[in-house]
Amino acid sequence: MNQRSLEPRDQRALLATAGQFFVNGAMTASFLARAPQIRDRIDVTVAGFGLLLTTVGVLGLVGSLVAGRVIDRASTRRVLQVGAVVMVLSLPVIGAARHPAVFLAGMFAYAFIDVMVDISMNLQGSWISARRHTPVMNRLHGLWSLGMFAGGLGAVAANAAGLDPFAHLLIVAVVMAGVLSVVTQNLLPTDEEGHADAEPAPATPSTTPRRAPVVLLVVAGMFAVVAEVTGGDWATFRMTDDFGAAAAVGSFAFVAYTVGMTLMRFVGDWLQLRLGREGLHRLSLTLATAGFIVAALIPQRAISIIGFVLVGVGVATFMPKLYDDAARLPGRRGAGLGAMTAGMRLAYLAAPVAVGWLAGTSRLGVGDAIAIATLPAMAALAFATEANRRVLGGYPRRS
């Protein structure tokens, strides 16, 4: 399609979608950063809290499986409006919980609607991005990362002020309710308008199985999650367990990874404009693979931290690209994204367990476990995305 300048209504929709990404990250970080205090209030062990979170993750998976039908019937704007209400009301319940059942009730509501909100805001973002000369999906995901950072800082401030989790999350809920009341009024009014104007995927030959692109995106999403989760979750353990570093150094490795990811997300759209969608993806795969090799296999602390910066830079554009690819699939709105996020959530559940098991064996360190999990994942992700590009014939390159 011919790129054009956004009309004022579309500009407002873009700002609203950007606000939705930021708010979603901030709300999620607000309670995750208070997890130790919440665990103490509901009086469970670390293992018990992990089991509760896994249970919540399974419900999120169920939400992914039904999201496509819900969004197609209700519209992305309506889902985001209802989702804003449910998520805002869930936060005080999570903060007030003094029994595992109450915590689960709040988390169930939050997790079930969060996956639909996630898909809906990515659909709106993809549709608006397709109307612009310069894409915006990477920056939208960068705003989500900034929201996570802001939510974490808010939790630090709440702790310093002596606020318990309930008071803190109640304040967050009130503030976010005000923000979301503005955001949800300025989104794209109808999905038909957004979907019709988006850059379509080319027609596929009749001999191509209709499910092939969806299956390949599910596979790609799973392996992308393995890379992103492993790079972030295990950076600290690489420092402390393999190198015997202090906890502060371990935290610095995680910060290095996060900084690399956030910076790349804010420059990724301009790189995509110059390199093309697939050119940027190949560069990202190369950087992430090199980063994992350096971070996991070179036995030197400072070099390993540099490796985690490269990992963050490399994996940063995986999710924005895959979400955008899924949003462009022909057929029912949200179906491709729903299937892909279901596969991603399975990987979110399985990857930490697999890496932890490998790292816990007597012959392997954390670095070995990271390499075993991520290097094959990088190869599989490259294969899946390239196969999907060939099945669909590729997307028109933005000029």
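The values are calculated or read from the model by the stated rules, or taken from the named source; none is laboratory data. Here the structure is a predicted model, which means the values were calculated and not measured. In this analysis, Cβ positions are derived from the backbone assuming ideal geometry, glycine residues included, and neighbour counts consider all displayed protein chains. Quick note on the areas: whole protein, heavy atoms, side chains included, nothing else; ligands and nucleic acids left out. Shrake-Rupley method; radii C 1.70, N 1.55, O 1.52, S 1.80 Å.
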| request: Can you give me the number of residues within the range 362-384 that are among the polar types (S, T, N, Q) and modelled with pLDDT under 90? | output: 1
| task | Go through ALA67, ALA111, ALA101 for me and flag whichever is part of a helix (DSSP H, G or I), out of contact with any Lys or Arg (no Cβ under 9 Å at 6 or more places or on another chain), closer than 29 Å to LEU170 by Cβ and without any contact (Cβ under 8 Å) to a residue 40 or more places away in the chain. | result | ALA101
| Right, ARG238: basic (Lys, Arg), over 22 Å from ARG389 (Cβ atoms) and part of a helix (DSSP H, G or I) or not? | yes
| Out of the range 267-283, which residues are charged (D, E, K, R) and crowded, with 17+ Cβ neighbours inside 10 Å? | ASP269, ARG277
| remark: Taking the range 284-336 and keeping residues open to solvent by 20 Å² or more (accessible area, probe 1.4 Å) and assigned to a loop (DSSP other than H, G, I, E, B) leaves ILE298, PRO299, GLN300, PRO330, GLY331, ARG332, ARG333
| Considering only the range 101-135, how many residues are open to solvent by 10 Å² or more (accessible area, probe 1.4 Å), among the β-branched types (Val, Ile, Thr) and over 17 Å from ALA35 (Cβ atoms)? | 2
| query | Within the range 12-23, can one find any residue that is closer than 29 Å to GLY336 by Cα and surrounded by fewer than 20 Cβ atoms within 10 Å (Cβ to Cβ)? | reply | yes
| field | Scan of the range 344-382 for residues that are among the β-branched types (Val, Ile, Thr) and open to solvent by less than 60 Å² (accessible area, probe 1.4 Å), ordered by number | value | VAL355, THR361, VAL366, ILE370, THR374
